[in-house]
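Quick note: the coordinates plus some simple rules give every number you see, no bench work behind them. What you see is a predicted model, and the numbers here were worked out from it, not measured in a lab. Because the Cβ atoms are built from the backbone with ideal geometry, glycine has one as well, and the counts that use them run over all protein chains shown.
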Amino acid sequence: MFNTHQMKEINYKAFVTKELDSSFTNSVEELSTVLLKENDLLVKVSYSSLNYKDALSASGNKGVTREYPHTPGIDAVGEVVESNSSEFKIGEKIVVTGYDLGMNTSGGFGQYISIPANWAVSLPKNLSEAEAMSIGTAGLTAGLCVRKLLMNDLTPDSGDILVTGATGGVGSVAVMVLSKLGFKVTALTGKANQIEYLRSLGASSVLMRSEMEDQGKPLQKGVYQGGVDTVGGNILSNFISQTSQRGVITCCGNVASDKLQTSVFPFILRGVSLIGIDSAESLLEVKKEIWNNFSNDWKLDLAKITKEVDLESLSEEVEKILGGNQVGRIRVNLG
Ligand SMILES: NC(=O)c1ccc[n+]([C@@H]2O[C@H](COP(=O)([O-])OP(=O)(O)OC[C@H]3O[C@@H](n4cnc5c(N)ncnc54)[C@H](OP(=O)(O)O)[C@@H]3O)[C@@H](O)[C@H]2O)c1
């Protein structure tokens, strides 16, 4: 045990974003200190993962990270090496996603993190550290969306499901989980060369993004019972208009736009529900429930959606995700 005012000196490697004259650079650096004084756990990180929010942090988005230099990484899995918490012992494997990790707290793109114990979940027995970071925040978010759809009475028998941004991290996991649960999933994508990929995840049909990009009528033929939207803008607007009676849509992302133009008609004439999802600040109990699902009934073959990189190759993956060109999940091996 270390006392709460102690500072532990450790040498470790981290991916660091720096600000210079309003421009931002990324590099892998040797750092030498982890501040423990405010926190409960020191964790040696084995894997992290790349999420859209990490790319925003690594490119200087001050809505995500206020001060630089900074180590992004909103996800981490690893081993507790020091503990001031009665809940976690040294040697225990934990997973952490969201809260302030990687935003204004040094994140999982460093080999060590220092965090409050109430951000951490014990790594479920059926899940390896690598698998946990194939899931990461993107997968957890997909899981939270699916949880809400199920809680709101959607069943495989009540009609088709739409997943937008389907080749992305959230989209890929959402397609996999929903099809595993027996839903008939339509995957919306901008990538004509990824139709086979989406079918291999379980999508029963694939629709091109261009079909939903223009703002349509406020009430269109109701073809979906709901689903998962990761992109916002006109696509979400059309999604709402094409959702049938008592349908449910979960809204979690804004890759296309943070604007939403709609009308009250789908809500008052069809009883459609639009449910917001925020994974970062989800209750720890809910995160535990989702991790537990991923290690049991929702267990997935994640190899086909995962590319593993080291810290040195992370910059190019950041560019790719910012350009909307990423497919599946990027797992970061901290070595
Ligand atoms: N609310 C939360 O708690 C939460 C948690 C995690 C992520 N998010 C948000 O969810 C969104 C998706 O995250 P992610 O990790 O899945 O990102 P991602 O891996 O980059 O996937 C986004 C996907 O959206 C599609 N896309 C890209 N540009 C687009 C455009 N201009 N118009 C329409 N679709 C476009 C692409 O898929 P296709 O080519 O297949 O269409 C892309 O792969 C982001 O906005 C992220 O910030 C929110």
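Here are a few things to note about the model shown:
- Electrostatic bookkeeping for S257 treats Lys and Arg as +1 and Asp and Glu as -1; over the other residues with beta carbon under 14 Å from its beta carbon, the sum is -2.
- Karplus (6.51, -1.76, 1.60) ³J(HN,Hα), θ = phi - 60°, over the stretch 91-96, in Hz, Gly and Pro reported as x: x, 6, 8, 10, 10, 9
- Packing around the peptides 315-322, 133-140, taken as the average count of other Cβ atoms within 10 Å per residue, puts them in this order, highest first: 133-140, 315-322.
- The sum of -39500 (n - 2.57) across all DSSP H runs of n ≥ 4, divided by the residue count of the chain, sets its helix-only mean residue ellipticity at 222 nm to -7500 deg cm²/dmol.
- Burial ranking of peptide ranges 48-58, 209-219, 172-182 (average Cβ count within 10 Å, highest at the top): 48-58, 172-182, 209-219
- Annotation: average projected area of the stretch 145-208 is 3.7 square nanometres, based on the convex hull of Cα atoms across all directions.
- Karplus-derived 3J(HN,Hα), 6.51/-1.76/1.60, for each residue of the stretch 122-128, Hz, glycine and proline x: 5, 5, x, 4, 7, 10, 7
- Between amide H atoms placed 1.01 Å from N, distances below 5 Å from V228 occur with L162, V163, T164, T250, all of them 5 or more places distant or on a separate chain.
- Förster-model FRET efficiency, 51 Å R0, K288 and S23, C-beta, rounded to 0.05: 0.80
- Look at E131, E19 and count the other Cβ atoms within 10 Å of each Cβ; fewest to most, that gives E19, E131.
- Here is the P(r) of the stretch 104-145: all C-alpha pair distances, binned every 5 Å from 0, give 6, 16, 21, 31, 21, 5, 0 in whole percents.
- Within the stretch 20-99, the GluC sites (Glu not before Pro) that combine a DSSP coil assignment with at most 14 other C-beta atoms in a 10 angstrom radius are E38, E67, E87.
- For the chain, the Kirkwood estimate of hydrodynamic radius, built from reciprocal distances between every pair of different alpha carbons, is 20.3 Å.
- Contour minus Cα-Cα distance for A130 and E79 (0.36 nm per residue): 17.1 nm
- Under the Karplus curve 6.51 cos²θ - 1.76 cosθ + 1.60, θ = phi - 60°, whole-Hz ³J(HN,Hα) for the stretch 296-310, x wherever Gly or Pro sits: 10, 4, 9, 4, 10, 8, 7, 4, 6, 10, 10, 10, 9, 10, 9
- Within-15-Å neighbourhood charge of G233 [Cβ basis; K, R +1; D, E -1]: -3
- Computed on the Cα atoms alone, the convex hull of the stretch 138-276 gives a volume of 88 cubic angstrom per residue.
- Residues whose amide H lies under 5 Å from that of Y47, counting only those 5 or more places away or on a different chain, are V77, L334; hydrogens are built 1.01 Å from N in the peptide plane.
- Highest mean packing comes first when the peptides 226-239, 267-280 are listed by Cβ atoms within 10 Å, giving 226-239, 267-280.
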